[in-house]
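S.K.: Handing you this structure, nothing more for now.
What follows draws every value from the coordinates through simple rules; no lab data is involved. None of these values were measured; they are calculated from a predicted model. For neighbour counting, all protein chains shown are included, and Cβ atoms are generated from backbone atoms with ideal geometry for every residue, glycine included.
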Amino acid sequence: MQTVYDFIIIGGGPAGISLGVEAKNRNFHNTVILEKTLSHNTTIRDFYKDGKRVDKDWKGSSIELQGSIPFSDGTKETTLDFFQKLIDENSLNILYGSDVESLKKIENHFRVLTTSGKIYHSKKVVISIGNMGKPNKPNYPIPPKTRKIVNFNLDKYQAGEKILVVGGGNSASEYAYDLTKDCDVTLNYRKNNFTRVNPENLNNLDEVVKKGKLKLRLGIDIDHLSQIEERIRVHFNHREFEDFDRIIYAIGGVVPTDFLKQSGVTFNEDKIILNDSLESEVDGLYIAGDLAVSSGGSIALAINHADQIIRSI
């Protein structure tokens, strides 16, 4: 006989871990979290720079926490430690390396299949995966021989390199600012102004631009890339080009639309249809975290989603 869980939670980020904690607090002990990577909070771990400030209140909006999880301002490192402590203290059942391939409701329960072929059954499912685990890629091809020097985070750069950062959000601005400490950096954004960058990051960019440590290419898009010996040539859409040692893209993440639709989740244009309890039109299938909001969420909001879903159940 296979176990039929009370909850299967897909995703081990802030929403998923918070759901596991709140479920235990409401006496739902038969719960499992399926996380496709080998650690929790992969987005924070891989896409936040070391020492990055992590605030409870995001984009200037004050969020009053609900439920039992006392999250507060900190850094990348203290935030990861905070969620590890939640996992340990609550003995959460997290199965790492469990990448979900399909999700289907059969009569009164859900059948969840992982890419390794394992099958799990549950009365209810919460999808709490983020976007950045699968970063957006440019719509022009990346030459195969340049892929080692085309990155989507700061893991591989070396001091002294000439680097182009592409993007217009907070991640792009933070990457560019951080790299100016020991690299020759240019920040490229296709629009003329930064409209999605918070005031602190704007001030940091202004500081390094005035000091001559950062060059801006605004209002210019990239047409295509080509390989020039060990470097990469960037061809801009005004028939300009420039050679770099490395490109780092920070252009957001991909919503896993196909997976959601195959699971029965319905959309109104690009927005997932959810009720006030964050339940989709599939009875017992909930969405939490970034996928549940149209303009990007926050850790505090993800924590509140967990309490909202568990209370409604």
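S.K.: Mind checking the log10 I(q)/I(0) for the chain at q = 0.08, 0.14 Å⁻¹? Debye, one equal scatterer per Cα, no solvent, two decimals.
M.R.: These q points yield log10 I(q)/I(0) values of -0.41, -1.09.
S.K.: Further, regarding this structure: Tell me, what is the percent relative contact order of the range 58-139, built from C-alpha pairs under 8 Å that lie six or more residues apart? Each step should come with its number before you reach the end.
M.R.: Working: 46 pairs, mean separation 11.4, N = 82.
The normalised contact order for the range 58-139 reaches 14 percent.
S.K.: Counting other Cβ atoms within 10 Å of each Cβ, which trypsin sites (Lys or Arg not before Pro) in the range 82-126 have at most 13 and sit in a DSSP loop?
M.R.: Values: sites: Lys85, Lys104, Lys105, Arg111, Lys118, Lys123, Lys124; in loops: Lys118.
Filter output for the range 82-126: Lys118.
S.K.: Using a/c under 1.5 as the rounded threshold, could you call the range 63-145 rounded, prolate or oblate? The axes a ≥ b ≥ c are square roots of the C-alpha gyration tensor eigenvalues, and prolate needs a/b larger than b/c, oblate otherwise.
M.R.: Since a/c reaches 1.5 but b/c is at least a/b, the shape of the range 63-145 is classed as oblate.
S.K.: Let me ask something else. Total Lys pairs in the range 144-249 closer than 19 Å by alpha-carbon, pairs eight or more apart in sequence or interchain only?
M.R.: 15
S.K.: Provide, as a two-decimal number, the C-alpha radius of gyration of the range 6-65 over 2.2 N^0.38 Å, N being how many residues it has. Could you put the intermediate results ahead of the total?
M.R.: Working: Rg = 13.9 Å, N = 60, 2.2 N^0.38 = 10.4 Å.
In units of the globular-protein estimate, the range 6-65 measures up at 1.34.
S.K.: Let me ask something else about it. If you take the square roots of the eigenvalues of the alpha-carbon gyration tensor of the range 146-186 and sort them as a ≥ b ≥ c, do you get rounded (a/c under 1.5), prolate (a/b over b/c) or oblate? Show your work: numbers first, answer last.
M.R.: Values: a/c = 1.77, a/b = 1.13, b/c = 1.56.
Here the range 146-186 falls in the oblate category.
S.K.: Return the FRET efficiency for the residue pair Lys162, Asn192: r is the Cβ-Cβ distance, R0 is 41 Å, and the value is rounded to the nearest 0.05.
M.R.: Details: r = 24 Å, r/R0 = 0.59.
About 0.95, to the nearest 0.05.
S.K.: Here's another thing I want to ask about it. Compute the relative contact order of the range 144-249 as a whole-number percentage, counting only Cα pairs closer than 8 Å that sit 6 or more residues apart in sequence.
M.R.: Numbers: 203 pairs, mean separation 35.4, N = 106.
Computed value for the range 144-249: 33 percent relative contact order.
S.K.: Identify, among Ile222, Val32, Thr186, the residue whose Cα sits farthest towards the positive end of the charge dipole of the chain, taking +1 on the Cβ of Lys and Arg and -1 on the Cβ of Asp and Glu, with the dipole about the Cα centre.
M.R.: Working it through, the farthest residue towards the positive pole turns out to be Ile222.
S.K.: Considering the zone a paramagnetic label at Asn25 would reach in this model (a point 7 Å from Cα along the Cα-to-Cβ line), which residues of the range 73-95 have amide N under 13 Å from it?
M.R.: Answer for this model: 86, 90.
S.K.: Taking the Cα centre of the chain as the origin, how large is its charge dipole in debye, to the nearest 20, when only Lys and Arg (+1) and Asp and Glu (-1) carry charge on their Cβ atoms?
M.R.: Numbers: 40 positive and 42 negative charges, 112 e Å.
Value, rounded to 20: 540 debye.
S.K.: If I model a spin label at Asn139 and Asp223 as a point 7 Å from the Cα along the Cα→Cβ vector, what separation in nanometres do I get?
M.R.: 1.7
S.K.: Report the longest stretch of the chain that contains none of the GluC sites (Glu not before Pro) sitting in a DSSP loop with at most 14 other Cβ atoms within 10 Å. Intermediate results must be reported in sequence, preceding the final value.
M.R.: Details: sites that count: Glu64, Glu107, Glu229, Glu230, Glu240, Glu269, Glu281.
Counting at most 14 other Cβ atoms within 10 Å as exposed, the longest clean stretch of the chain is 108-228.
S.K.: How large is ³J(HN,Hα), in whole Hz, for each residue of the range 72-87 in order, when computed from phi with the Karplus curve 6.51 cos²θ - 1.76 cosθ + 1.60 and θ = phi - 60°, using x for Gly and Pro?
M.R.: Those phi angles translate into 9, 4, x, 10, 3, 5, 5, 5, 4, 5, 4, 6, 5, 5, 4, 4 Hz.
S.K.: Continuing with the same structure: Rounded, prolate or oblate: which one fits the range 168-260, using the alpha carbon gyration tensor with axes a ≥ b ≥ c (rounded when a/c is under 1.5, else prolate when a/b beats b/c, else oblate)?
M.R.: Values: a/c = 1.59, a/b = 1.01, b/c = 1.57.
Oblate.
S.K.: Within 10 Å of each candidate Cβ there may be at most 10 other Cβ atoms; applying that plus a DSSP loop requirement, which trypsin sites (Lys or Arg not before Pro) in the range 235-297 survive?
M.R.: Details: sites: Arg239, Arg246, Lys261, Lys271; in loops: Arg239.
Loop-located and lightly packed - Arg239.
S.K.: Helix-only estimate, please: 222 nm mean residue ellipticity of the chain, summing -39500 (n - 2.57) across DSSP H runs of length 4 or more and dividing by its residues, to the nearest 500.
M.R.: Working: 7 runs with 74 residues, N = 313.
Rounded to the nearest 500, it is -7000 deg cm²/dmol.
S.K.: What order do you get for 162-168, 218-224, 137-143 when each peptide is scored by the mean count of other beta carbon atoms within 10 Å, highest first? Don't skip to the answer; put the middle values down first.
M.R.: Values: 162-168: 22.4, 218-224: 15.0, 137-143: 11.9.
Ranked from most to least packed, the peptides come out as 162-168, 218-224, 137-143.
S.K.: Now for a different question. Suppose R0 equals 22 Å; then what is the FRET efficiency for Asp283 and Phe259 from their Cβ-Cβ distance, rounded to the nearest 0.05? Write out the running numbers ahead of the final one.
M.R.: Numbers: r = 19 Å, r/R0 = 0.86.
For R0 = 22 Å, the calculated efficiency reads 0.70.
S.K.: Tell me the relative contact order for the chain as a rounded percent, counting alpha carbon contacts under 8 Å between residues six or more apart.
M.R.: Values: 627 pairs, mean separation 68.8, N = 313.
Once divided by the residue count of the chain, the mean separation gives 22 percent.
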